[in-house]
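Some notes on the structure that comes next.
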Amino acid sequence: ALAARAGVRGPGVGLMTAADVSAYAHARDGGAEAFVTAGVDVRGWAARPGEGAAGAPDPGTINVVVAVPAALTDAALVNAVATATEAKVQALVESGLDCSGTPTDAVCVVAGSPGPGREAHAFAGPRSLWGARLARAVHRAVRDAVRHETPGPGY
């Protein structure tokens with residue numbers, strides 16, 4: 001219903017959050033595109049000692065949607081999520097944020113479909129063709145989105 005009201009048709013993915021996602025950015029690299037929202041008021045490290053799932057976390061989220069025109073195997077899609085996450089963390093640390101993200105971050109990878117004469121790529125790690133492009137696009141978009149969200153020294 002939300003998509004229909006926005007005039008969007010066809011299959012898709014929706015990311016819902018209670019966080020302020022007005023700080024966002026888009027970046028491209030060699031055909032790969034990254035769309036990133038950055039609500040970084042609540043942030044931390046993924047493996048933080050002593051934390052559990054008690055209570056609802058305060059709103060804060062970094063949503064990453066990456067699109068590559070190439071077809072990716074299922075394994076490469078998993079690899080692409082890891083690559084996007086690595087690039088996100090690199091951008092956060094380089095931006096002076098002492099964190100790996102927020103408690104509710106999401107990553108979505110959209111890839112092309114295999115077809116006649118079009119084989120799916122088996123890898124999407126940071127040193128593969130599409131993984132490298134994806135990583136650079138995510139890195140740039142996260143840096144830009146965080147810069148809009150968190151003004152101050154170094155931004």
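Brief remarks on what is shown
- Unmet criterion (only one of (1) in contact with a strand residue (DSSP E or B) (Cβ under 6 Å, 6 or more places away or on another chain); (2) at pLDDT 95 or above) for Gln90: (1)
- Filter pass, Ala145 being within 16 Å of Ala25 (Cβ to Cβ) and among the aliphatic types (A, V, I, L, M): yes
- When we screen Arg127, Arg48 for residues that are out of contact with any strand residue (DSSP E or B) (no Cβ under 9 Å at 6 or more places or on another chain) and at pLDDT 95 or above, the only hit is Arg127.
- Of residues in the stretch 5-44 being touching a Cys at 6+ places or on another chain (Cβ under 8 Å) and at pLDDT 70 or above, the one surrounded by the most Cβ atoms within 10 Å (Cβ to Cβ): Val40
- Odd one out for Pro69, checked against (1) modelled with pLDDT of 80 or more; (2) surrounded by 15 or more Cβ atoms within 10 Å (Cβ to Cβ): (2)
- Residues of the stretch 94-144 that are hydrophobic (A, V, I, L, M, F, W, C), in a helix (DSSP H, G or I) and surrounded by fewer than 20 Cβ atoms within 10 Å (Cβ to Cβ): Leu129, Ala132.
- On inspection, Ala106 fails the criterion of being out of contact with any His (no Cβ under 8 Å at 6 or more places or on another chain) and modelled with pLDDT under 80.
The values are calculated or read from the model by the stated rules, or taken from the named source; none is laboratory data. Remember, predicted model here, so these are calculated numbers, not experimental data. Neighbour counts are summed over all protein chains in view; Cβ atoms, including those assigned to glycine, are modelled from backbone coordinates with ideal geometry.
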